[in-house]
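Worksheet: the structure to be examined is printed underneath.
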Amino acid sequence: MAFHHYVLVCGGTGCVSSKADDLFGELAKALDQEGIRDDVQLVKTGCFGFCEQGPIVKVLPEESFYVGVKPADAAEIVSEHIVKGRQVDRLLYKEEDSKVHAKVDDISFYQKQFRIVLRNCGFIDPENIDEYIARDGYLALERALTGGMTPDDIIEELKESGLRGRGGAGFPTWQKWGFSKAVEADQKYVVCNADEGDPGAYMDRSVLEGDPHSIIEAMAIAGYTCGADTGFVYCRAEYPLAIHRLEVAIKQATEAGLLGDNILGTDFSFTIEIRLGAGAFVCGEETALLASIEGKRGMPIPRPPFPAVKGLWEKPTVINNVETLANIPVIISRGGEWFAKVGTEKSRGTKVFALTGKIKNSGLVEVPMGTTLRDIIYNIGGGIPDGRAFKAVQTGGPSGGVITADYLDTPIDYEHLQELGSIMGSGGMIVMDEDDCMLDVAKFYLEFTVEESCGKCAPCRVGGRKLYNILDRMAKGTAEEEDFGRIEDIGQAMKRASLCGLGQTAPNPVLSVIKYFPEEIGAHVKEGRCPAGVCKGLIQYYIDPEKCIGCTLCARRCPVNVIAGERKEVHVIDQNGCIKCGECFDACKFGAVIRR
Amino acid sequence: MAKMTLDELRKLRESKKKELDLRSPDNKSIHVVVGMGTSGIANGAKKTLQAFVDELSDQGLTNVSVRQVGGMGLDFAEPTVEVAVPEMPTVIYGNVDEEVARKIVRKHILGKQLINEHIYDRPAADIVEGTE
Ligand SMILES: Cc1cc2nc3c(=O)[nH]c(=O)nc-3n(C[C@H](O)[C@H](O)[C@H](O)COP(=O)(O)O)c2cc1C
């Protein structure tokens with residue numbers, strides 16, 4: 001027998017959401033009192049996000065979303081909503097007035113997410129072209145080729161949409177396509193940048209894995225618009241599943257006549273090939289990427305000329321990021337005007353972020369441009385786990401910077417992030433709490449860019465190494481005050497003189513943490529102290545003889561066996577052999593291991 | 001599939017649209033949809049899928065369609081599975097290991113009850129639904 005209502009209460013295991021258990025009990029009681037216990041199922045759920053506004057109650061099948069529900073509200077929900085069929089308005093989630101959440105059609109925004117790029121991810125079988133077609137797939141290509149849309153019409157539609165490149169720089173897509181279209185050439189190309197080298201970002205992989213046909217369709221539209229008959233997808237070899245699904249999709253599209261000669265009976269022909277990259281960060285930079293496709297070593301060349309004018313084998317080449325392309329079919333089938341309603345004035349549409357780090361609900365989130373960090377972290381992400389305090393968010397990966405608690409309410413778009421000294425980048429968003437050391441974070445990114453520098457230009461090759469050495473000294477407590485000036489000088493030189501974006505942006509993470517966390521960085525330099533207790537050169541673990549009861553747990557956990565002591569006797573750490581891994585600190589149940 | 005004409009493409013779209021609309025009241029069959037992106041698979045989605053197939057066959061259920069899709073982005077709760085049973089709300093389950101998969105077959109599909117502690121929220125409304 002099926003139930004006629006389901007009452008979902010968030011906060012099953014592990015949720016600290018206040019009073020969810022009491023609420024559950026009160027709801028059960030109310031159902032009993034109304035005598036409808038057998039008609040309604042009460043269910044505890046996993047986390048819905050919105051933890052700050054918990055507990056949450058969702059009633060199905062109406063999908064009513066109640067927030068901040070107290071045990072005392074249980075009776076009203078049951079008697080009003082379940083019995084009389086009237087929603088309890090005062091508890092319903094209300095969308096606060098916001099410019100960026102301009103309502104598109106009647107879609108409710110309680111979820112805060114709005115999925116254009118990820119529209120099919122989780123809905124369709126990526127290896128079945130029929131399912132893509134069923135969800136308006138190839139409708140845009142159909143309109144472009146057979147619906148009387150000229151290439152200029154498409155560029156106009158893109159212009160109206162306001163779509164900007166999601167690969168990092170935010171260049172207007174309509175302009176790029178227009179440049180390429182305007183050049184007379186016997187051969188042109190379309191390239192999809194699926195290199196995705198930013199550590200912490202994986203939205204492009206998810207699109208290729210979950211919705212590969214959207215990229216194929218977009219590339220064909222780009223080919224039609226610019227006059228190209230050949231496309232390449234440049235994907236890193238570390239993405240075997242994405243590559244497999246893309247191969248299947250290309251094969252199916254070709255068999256269905258949606259790629260190949262005379263698509264849908266028109267005189268437009270287009271083919272796509274995949275090229276695998278070896279996973280070098282610099283090969284995501286467009287000129288290095290094109291060199292790599294040509295079979296050369298992946299190193300950048302100066303621009304202009306831009307690839308749109310002179311790219312692959314010196315032919316005009318439109319190169320776009322995966323996420324940029326995933327937007328195209330929707331813009332063409334629903335119109336640029338529809339798309340432009342989402343987002344902020346200068347940054348239209350949505351952005352997908354890979355939310356990771358110290359966050360409860362890690363994963364991919366797609367939100368309208370202009371959504372605040374607070375919404376992303378607290379409402380969607382569910383906040384910081386284990387009751388720790390939020391410290392910062394890193395965006396833009398090795399080219400970006402940190403955003404602190406003071407800026408949680410800043411709308412996230414290209415302009416605002418840049419103002420804060422970070423960048424949108426590809427959309428990695430790493431949340432950090434009080435246990436993370438900002439110097440260590442900057443050092444991590446710099447180490448990454450130093451390793452990934454192709455070495456072609458001196459500012460990046462030498463400057464990056466010099467900067468890294470300074471941070472390394474800071475982390476060991478051997479830096480001096482003058483080093484701050486050196487960082488500034490080297491950083492500015494790298495920004496101005498590096499050949500490509502890799503070197504130009506490499507100093508960003510360092511400059512950003514110095515700007516926003518001067519005390520913390522200063523403590524390393526002036527006091528030889530790492531306030532977060534992370535930098536191994538500056539911390540020591542020792543055992544408080546007053547608290548140690550000699551349980552031997554720390555000695556057993558120590559991976560290098562430098563903790564000595566008999567059972568029921570005070571233990572001692574031999575500082576000479578200690579590798580400062582912190583295992584003993586985490587293991588001790590008596591707070592006897594001290595870090596300083 | 002042979003090369004399609006414009007007409008055939010349109011017809012295919014129309015006919016498949018109905019088939020795929022899990023939440024439509026016309027939907028008379030049961031669907032189990034397993035998220036199989038890298039993140040899902042890394043967390044055991046292949047085993048989950050197999051457990052569904054095994055348990056459905058153990059229970060003699062032949063009217064259930066089991067499909068794979070890409071990841072929904074709920075990485076903290078992978079593997080994720082969408083379950084649609086006629087006359088019940090369509091729900092997303094998270095952290096579906098083999099045991100939970102078997103439970104879903106027995107309790108949700110056969111017993112018409114939702115499973116505690118595993119329901120999550122679909123991250124966003126569907127923008128494709130309701131297009132002309
Ligand atoms: C060091 C470096 C790495 C880059 N990596 C990527 C990448 O992995 N994926 C990407 O789409 N763009 C990357 N870019 C940006 C590309 O150069 C280029 O701007 C982008 O592919 C253009 O596409 P869009 O206009 O659609 O954003 C990188 C740039 C630099 C300087």
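Please give the helices (runs of 4 or more DSSP H) falling wholly within the range B:36-125 in which 3 or more residues are of a type in the set (A, V, I, L, M). If you could, list the steps in order and put the result at the bottom.
Numbers: elements: B:38-42, B:45-58, B:98-103.
Qualifying helices (runs of 4 or more DSSP H): B:45-58.
Considering only the range A:123-222, give the helices (runs of 4 or more DSSP H) lying wholly within it that have at least 1 residues that are over 25 Å from the mean Cα position of the chain (by Cα) and either within 14 Å of another protein chain (Cβ to nearest Cβ) or away from the ligand (no atom under 14 Å from the Cβ) (or both).
A:129-134, A:139-146, A:151-161, A:173-182
Exactly one of (1) in contact (Cβ under 8 Å) with a residue 24 or more places away in the chain; (2) within 12 Å of another protein chain (Cβ to nearest Cβ) is unmet by B:Q59. Its number?
(2)
Would you tally the residues in the range A:256-291 being open to solvent by 30 Å² or more (accessible area, probe 1.4 Å), within 16 Å of the ligand (Cβ to nearest atom) and not charged (D, E, K, R)?
Count: 5.
When the range A:553-581 is examined, which residues are found to be under 39 Å from the mean Cα position of the chain (by Cα) and either part of a loop (DSSP other than H, G, I, E, B) or closer than 21 Å to A:C530 by Cα (or both)?
Answer for the range A:553-581, where residues must be under 39 Å from the mean Cα position of the chain (by Cα) and either part of a loop (DSSP other than H, G, I, E, B) or closer than 21 Å to A:C530 by Cα (or both): A:C558, A:P559, A:V560, A:C578, A:I579, A:K580, A:C581.
Restricting the search to the range B:74-89, which residues are at the interface with chain A (Cβ under 9 Å from one of its Cβ atoms) and buried (at least 17 other Cβ atoms within 10 Å of the Cβ)?
Listed by number, the residues that qualify are B:L74, B:D75, B:F76, B:A77, B:E78, B:T80, B:E82, B:V85, B:M88, B:P89.
All but one of (1) in contact with a helix residue (DSSP H, G or I) (Cβ under 7 Å, 6 or more places away or on another chain); (2) open to solvent by 40 Å² or more (accessible area, probe 1.4 Å); (3) in contact (Cβ under 8 Å) with a residue 40 or more places away in the chain hold for A:S422, so report the exception by its number.
Just one mismatch for A:S422, condition (2).
Checking the structure you have, find out if any residue of the range A:230-242 is facing chain B (nearest Cβ under 9 Å) and within 16 Å of the ligand (Cβ to nearest atom).
The answer is yes; a qualifying residue exists.
Per-residue answers, yes or no, for (1) touching a Lys or Arg at 6+ places or on another chain (Cβ under 8 Å); (2) closer than 17 Å to A:S206 by Cα; (3) facing chain A (nearest Cβ under 8 Å):
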| residue | (1), (2), (3) |
| --- | --- |
| B:K17 | yes, no, yes |
| B:I41 | no, yes, yes |
| B:A45 | no, yes, no |
| B:A51 | yes, no, no |
| B:V69 | no, yes, yes |
| B:M72 | yes, yes, yes |
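For residues that are among the charged types (D, E, K, R) and part of a helix (DSSP H, G or I), scanning just the range A:479-515, find the one that is farthest from the ligand (Cβ to nearest atom).
A:E482
Any chance the range A:164-173 includes a residue that's under 17 Å from A:F232 (Cβ atoms) and at pLDDT below 95?
Yes.
What pairs come out if I take residues in the range A:468-484 that are on the phi > 0 side of the Ramachandran plot and pair them with residues that are in a loop (DSSP other than H, G, I, E, B) and small (G, A, S) whose C-beta lies under 6 Å away, six or more apart or interchain?
Qualifying pairs under 6 Å: A:G477/A:G528.
What's the total number of residues in the range A:391-405 that are open to solvent by 10 Å² or more (accessible area, probe 1.4 Å) and without any contact (Cβ under 8 Å) to a residue 60 or more places away in the chain?
Total meeting the criteria: 2.
Might you check whether a residue that is free of Cβ contacts under 8 Å to residues at least 12 places away in the same chain and either buried (at least 24 other Cβ atoms within 10 Å of the Cβ) or touching a strand residue (DSSP E or B) at 6+ places or on another chain (Cβ under 9 Å) (or both) occurs anywhere in the range B:94-116?
The answer is yes; a qualifying residue exists.
Please specify each residue of the range A:184-230 satisfying the condition of being β-branched (V, I, T) and open to solvent by 20 Å² or more (accessible area, probe 1.4 Å).
Passing the criteria: only A:T230.
Out of (1) within 14 Å of chain B (Cβ to nearest Cβ); (2) within 25 Å of A:G279 (Cβ to Cβ); (3) away from the ligand (no atom under 15 Å from the Cβ), the odd one out for A:K296 is which?
For A:K296, the failing item is (1).
Going by the conditions given, is A:I77 at pLDDT 65 or above and either in a loop (DSSP other than H, G, I, E, B) or open to solvent by less than 20 Å² (accessible area, probe 1.4 Å) (or both)?
Numbers: at pLDDT 65 or above: yes; either in a loop (DSSP other than H, G, I, E, B) or open to solvent by less than 20 Å² (accessible area, probe 1.4 Å) (or both): yes.
Against the criterion (at pLDDT 65 or above and either in a loop (DSSP other than H, G, I, E, B) or open to solvent by less than 20 Å² (accessible area, probe 1.4 Å) (or both)), A:I77 qualifies.
So, in the range A:373-403, exactly how many residues are in contact with a strand residue (DSSP E or B) (Cβ under 6 Å, 6 or more places away or on another chain) and within 16 Å of the ligand (Cβ to nearest atom)?
2
The values are calculated or read from the model by the stated rules, or taken from the named source; none is laboratory data. Everything numeric in this text was worked out from a predicted model, so none of it was measured. A quick note on method: Cβ atoms are made from the backbone with ideal geometry, for glycine too, and the neighbour counts reach across all protein chains shown. Surface accessibility is based on the protein's heavy atoms, side chains included, excluding ligands, DNA and RNA. Shrake-Rupley method; radii C 1.70, N 1.55, O 1.52, S 1.80 Å.
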